[in-house]
Structure formats: structure tokens, C-alpha cells
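Engineer: Next up is a structure, given as C-alpha cells.
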């Protein structure tokens, strides 16, 4: 019990500062990647923000591991947190949790499940797509034979990938760019699954309701 | 009540003229985009029709806002109407509503849910696809390095996008063309979701019925 | 009643000969398209078979229209038959019906719904894909700037289209080829819907069964 | 009964050695395809391992056919085993079964259905994708006009195919490569169906649970 309550207190207290750290991390990364003509001093500021945010994530992970009292099992049972520690670009995904917390605090009734899934899928895809477009642009734009030359190309390619359309007029050519691309394809598959699943669950729900409203004799 | 009834009366009266205005808007836009050798006088006619239709949409929006007595909340609670005001090319989507109203007035029984969803998805995709193909053609066909050179190319590219096939033999190259393309991809995802959702709800329905028909002992 | 029974008798009697006619139609069309070096006499034979089969379809349509006693409404209520009359390449789809009839006659128990849907979807996609690949090859292989040069290319392109993968290494360039392509895309969407719908209905069924098997206390 | 028990005993005893044989088969095939500069002696070792594994599969198939006492019907009722005998690259799919057996032996509770389907689909797609990328690379990399030149290209192309994205920046050009590609597309369609089906069944399950938790008066 004391473990649980101390953990809950820690998570309550660190939620807001960590959300700010996530946002600062993403912004600094974006500035670093996109503003090629940035003076050295500003590059230093961005890099320090990135490392500070990463350090904050690591400390948070360590404290929660300690408080959980779980030992090595923690790494596996909190695999999403572990993954986020290794790939902090996935961190902004927590903003989805915060969005839900804010909605709850404002006393709004929860949305029906399918609306919630579509909202979360949309938010996640937007954040992951932005982070992915940044990472692909960083690794591709200077590679020999690259077709993704501007950030606009990268966003365009990311959209076509997430929608599983895949024109192929621009496409990554470096190994690291292609690894990120495969990650984005998986997001696209999940997005497709979420959209389709919501649609069919929504239709089944409407359908069941219509069945209930009809006189039972029919 | 009076609010509601006045609103309902307004919507009943304006339904037909606004549908005509939507159609005239789409036709004038199509003529303007496709008929490159149009004499100046006719271009003027088309432009006036476009602006007149837009004005009619704006007046309708303002009157309904007034009648609702909702204040600024109206903009958000009627976000679809607001979006249509900003992007009148989406306006023909209301034809779907009119199709439903006509069906109801003729006393036809409502189609089962999955048939209705497929019909609406089909109609919406057809109208949005036509409007999207027009808009992409307008922004692309004269751009340097463009591959979408004729309206036929644009329709072909739109079909491949909406089906999430995405050959990439032709593809938009201008920023605005790509923004429209992302909108069409979202339509494609929704279409896929509608088709798949209808299929699975239809199958589950047939399945449940077969289960009911079997003797309970099996 | 007499109408119905005469119609049923007609359909029973013409089922087998019409299936043979469909098959002959498809084979003759394939021979005509693929065997470019065919001597004139054989071309004549193929063309006569095609026209004879078409005539048989037309006579069957006319007789059934007459027997139904429906007047002009028949054209609309039997829209699939009307479409097949105009596009006889879709005719082999009736083989699906025949497959079902043969299965029933052999006294086999009906497959569960999802297996049946996957079987029908697979058969339809195979037949339509073959007919589509033939038609696209016929219209494309001699067009200027074409990338679909052999029947193998056409089959490869058809597969990529039906799976909504769409590489775009080869793609139709003629207007008629592209119209057929859009038809194939629609088939691909329906196939995707059928596969996905079957999967989700099958999973829900297994799931419900597992729920039933568990002791109700859990 | 004796048939069944002898069959079960055989399958229990051969499970582990056959899994090792499958793994050795896949590894030897990978070494043979990827290590182009392999000395002749090692090539011989790999080839012998491949043929030995194949022989083991054939013996297992023959023994099980004998023990089943079914006659020619066995070939059809065990069509998956027959297919694996002809295409031993599909053999590693049995690892999925072994994964399940190991999980059961360790006394772990079974995962809920949708998690299980996603796990199996993921494992199968990983194994089939690896085998497919190897086979496509083998048949393509030396073909004239090929775009898949390295194993990295082949993995990249396989990922884009399985996610039904299909950029088309690289694509197979040989007939055999394209046949394998069509097989991978079918896997991609099934994967999409599995992801989507799991999503919608999971959502329906959560939904039903929420319905149950609400007071029945609402």
C-alpha cells in the first residue's frame, strides 16, 4: 500500500514538469534539425535542453523503479517506459495521457469508446508523424542520392506512409531512415486498425440500438 | 421551442435553394478550372456565381447562428458548418443529407445500416474526389516539374489515393497540392474504414441470425 | 406462382449451358488477347464464340425479363444482371453461384460464414483479376509510353492493385486502361473489407465461445 | 484410439528435433544466400544441412500419414503440412506452435484472444518476411535491370509490401521474384485483417464491459 501511494504521489507531482520537459525536448529537437543556419550558441542551448530533458526522464524512470520495489521485472512490465527512455522521441505520446487527465479534471463526461480511440489515434499519429518526419529529414536530406531534400518532402512522405498510400515519388535511401520508416509503417497499420475498428464497433452499436427499438415481434 | 421551430422552418425553406447553390458553385468552379480557353465574359459569370453562392452560404450560417441564440459556442458545436464556410468545396457533401431527405419523403423504408453507410461513403467519396481532383489539377498543372498535367491525370491520381493504392506514377509537387492530397488520404482512410466496418457488421448480423435459426440444442 | 415456377424452371435448365458459355467466353477472349500471332481463321472462331456467348446472355436476360412480368422495373431490380449484359467480362462471377450450388448438391454442410466469405472473395478476385489483367493488357501493351508491355506485367500490376499495395513500377497510361484500373481498385477495397470483416467476425465468434465456456462466476 | 495415441506420441517426440531442423534450415539458407564469398566447403555444409532438414520433414510427413491411416485424404486434410513439404521456407511458421506450447508448459495463463492473434500475426509476419526477403534477394540481385541489389533493399521492399504501403522505389523484375511478392502481399492482407480484426474485437469487448458496468436504468 505505502509503495502504491508513494508511487501515485510521485506520478502526480512529476506529471506536469515531465510534460513540459517532453514538449521542450520535441521543440529543441525540431529547432536543431530544421534551423540549419543556427548560431553555435543557440545550438548549445538546444543540445543542453535535450540532454536535461533526457536526464529528467531517466531520473523519473529510476525513482519509479525504486518505488515499485520490483527489481529487474520492472524493465519488462514497464516496457513502454523503457522504450521511451531509449527513444525519447516517443515521449510526447504521454501528452495523450495528459489530454485525458485534463478532460477528466474539467468534469467532462468521457467520450464514447470509439470517439476516444479515434481521438487518441489521431493525436498519437500527429505527434509520432511529426517526430518521425523530423528524424527522417535529419538522416536523409544530406545523403547521396536522397529524394527527401526538404522538411516539406519529409512531411509529405510521412503522410503518404501513415495512410499506407505510399506513392514512392520520394522515399528514404539510408539504412537508418528506412528503419524509422518501418516504425512509421507500423503506426500506419495501427492507425488503419483503429479507424476501421472504431467504424465497425460504432456501426454494431447503432445497429444493436436500432434492433432494440423495433417491436420485438418483427 | 420558438427558437427550435424558427430554426426548423428556416432550414426547411432554405434546403432546396442552398442545394441548388452548392451545385452551381461546384459546376462554376469546374468550368473555371477546366475550360482554360473560356472567354473573359464567361469567366466573369462563373466567378460571380461562385461568390454569390458563397455569400448565400455565409448568410445562411449567420441566420442560423442568430436563430440558435448560442453565442460563440455555435462556431464549435457546428464545426462542420464552419469548416464548410471556410472550404466551400466541401459543401456538396450536404447533397448526402438531401438524398436521405428525398428517400424519406418518397416513403421508402430506410436501408439497413450497412447499406446506408456504404451509400453515403460512396456518394461523399465521389463528390469529394471530384472536388479534390479539380483543386489538385488547378494548383498542379502549370507548376514546374509537375506530373499531373491533365484533368484525366488528376482524376487517376485521386482514385489511386482514395483507394490507398498510391502508384506514384503521377503525384502532386506543389505544397498546396500536397495539402489537398493529405485531405484526400484521410477520406481514403475513412472510406476503407466504412467499407471494412460495414462488411464486418453485416457478417456479424448474418451470423447472429443463422445462430438464432438453428435449433438451440446444437 | 406460375411466374415464379416458370422462372425457376428456366433458371434451372439454363444454369449449366450458361456456365459453359461464360467459360467459353473468357477462354476465347483470353486466346484472342494473348495469342497475337493467331491465324485469321482461329481469330474468326474466337470472335464467333464471343458473340455467340454474348447472344446467349442477351436471350437469357430477355426471357427472364419476360417471365418476371415486371416491366421496366426489372432493369433496376436486376442491376447486376444488367451490368453483366453490358460488361460480359464480369459474367464468370456467376461461377461463384455455381460453386455454391455444386457444394449444396453434394450434400456438404455449409461452411461457416467467414470461411464462405473468404472463399467467395478469393474466387471472385481471382476471376475478376484474370479478366481485368486481360483487358488492361489488351488496351495498354501497344500504347505509346506504356509500361505494361507483357501479360506478365499486367498480372503483376493487377496483383499489386488488388492488394492495394500499388508499387507504380508499371501502371496504365491509356484512359480506358485507367478506367478498368479504378474498377480493380474497387475490387481491392472490397477484398480488403471481406478479409478484415471475416477476421473480426471470426475473432468475435471465438471470443464469445470462450466467454460461454468459462464458469459464469468469473 | 491407438492410432491417435501413437500419433500424439510421435508428434510429442519429434516436436523438438523438427523445430531445431527448421531453424537450421532457415539459417543455412540465409548463409547460402547472403554470404556470396563463402568457400566451397562451407557451401557444401549448408547444402547438406538444407537437404537433411528437408529429408527430416519428408520422413515426418510420411510417418504421420502412415499413422493416420487415412489414405489419399491425408494430403488434402493436412494441406498446410503438404504445402510446407513443397515450400520448406514456410516451415519456420511451426515455431508459432512451439511458442504456444512453451507458454502453456510454463503454466502461464493464455493471453486474451486479440493479444494472441496479434502475437501470432507478428511472429508469422516476421518469419515469413525474413524468408521472403531472402528468397526475393536470391532471385533478384543478379537479374538484368533489377532494382533490389542488396539484402537491405530486399528487407526494405518486404516491409513496404507487408504494410501494403508499396513505394515502388525498388520492386522485383523477375517472374519468380514477382510470384514470391504476390505471396507476401497475401501475407500483408492477412496481417492487415488480423490487426484490424483484433482492434475491433478488443473495442467491442471493452464496450460491452462498460455497458455492463453502467446501472441498467440508463
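Engineer: Only one of (1) surrounded by fewer than 22 Cβ atoms within 10 Å (Cβ to Cβ); (2) over 25 Å from residue B:115 (Cα atoms) fails for residue B:140. Which number is that?
Structural biologist: Among (1) surrounded by fewer than 22 Cβ atoms within 10 Å (Cβ to Cβ); (2) over 25 Å from residue B:115 (Cα atoms), the lone unmet condition for residue B:140 is (1).
Engineer: For residue A:152, only one of the following conditions fails: (1) out of contact with any helix residue (DSSP H, G or I) (no Cβ under 7 Å at 6 or more places or on another chain); (2) facing chain B (nearest Cβ under 9 Å); (3) assigned to a helix (DSSP H, G or I). What is its number?
Structural biologist: With respect to (1) out of contact with any helix residue (DSSP H, G or I) (no Cβ under 7 Å at 6 or more places or on another chain); (2) facing chain B (nearest Cβ under 9 Å); (3) assigned to a helix (DSSP H, G or I), residue A:152 is out only on (1).
Engineer: Could you run through segment D:161-173 and say how many residues are under 18 Å from the mean Cα position of the chain (by Cα) and either in a helix (DSSP H, G or I) or away from chain A (no Cβ under 12 Å) (or both)?
Structural biologist: 2
Engineer: While we're here: Taking interchain pairs and intrachain pairs at least six residues apart, which have beta carbon atoms under 6 angstrom, with the first residue in segment C:176-191 and more than 13 Å from residue C:158 (Cβ to Cβ) and more than 9 Å from every other protein chain (Cβ to nearest Cβ) and the second at pLDDT below 95 and buried (at least 18 other Cβ atoms within 10 Å of the Cβ)?
Structural biologist: C:176/C:139
Engineer: So which residues in segment B:114-129 are away from chain A (no Cβ under 14 Å) and either farther than 22 Å from residue C:182 by Cα or surrounded by fewer than 18 Cβ atoms within 10 Å (Cβ to Cβ) (or both), if there are any at all?
Structural biologist: If the condition is that a residue be away from chain A (no Cβ under 14 Å) and either farther than 22 Å from residue C:182 by Cα or surrounded by fewer than 18 Cβ atoms within 10 Å (Cβ to Cβ) (or both), then B:122, B:123, B:126 are the ones that fit.
Table: residues versus (1) outside the structural domain of residue D:141 (by TED's automatic domain parsing); (2) at pLDDT below 85; (3) under 25 Å from the mean Cα position of the chain (by Cα).
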| residue | (1), (2), (3) |
| --- | --- |
| D:1 | yes, yes, no |
| D:17 | yes, no, yes |
| D:34 | yes, no, yes |
| D:41 | yes, no, no |
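Engineer: Follow-up. Only one of (1) surrounded by 17 or more Cβ atoms within 10 Å (Cβ to Cβ); (2) closer than 20 Å to residue A:166 by Cβ fails for residue D:174. Which number is that?
Structural biologist: Single failed check for residue D:174: (2).
Engineer: Within segment C:88-107, does at least one residue satisfy the condition of being within 14 Å of chain B (Cβ to nearest Cβ), at pLDDT below 90 and either closer than 23 Å to residue C:25 by Cβ or part of a helix (DSSP H, G or I) (or both)?
Structural biologist: No: zero hits.
Engineer: Would segment D:49-64 turn up any residue that is outside the structural domain of residue D:134 (by TED's automatic domain parsing), part of a helix (DSSP H, G or I) and farther than 17 Å from residue D:21 by Cβ?
Structural biologist: no
Engineer: Now for a different question. Could you tell me how many of the residues in segment B:21-40 are part of a loop (DSSP other than H, G, I, E, B) and out of contact with any helix residue (DSSP H, G or I) (no Cβ under 9 Å at 6 or more places or on another chain)?
Structural biologist: 3
The values are calculated or read from the model by the stated rules, or taken from the named source; none is laboratory data. Just so we're clear, the structure is a prediction, and the values are computed from it rather than from any experiment. With ideal geometry, Cβ positions are generated from the backbone for all residues, glycine too; neighbour counts draw on all protein chains shown.
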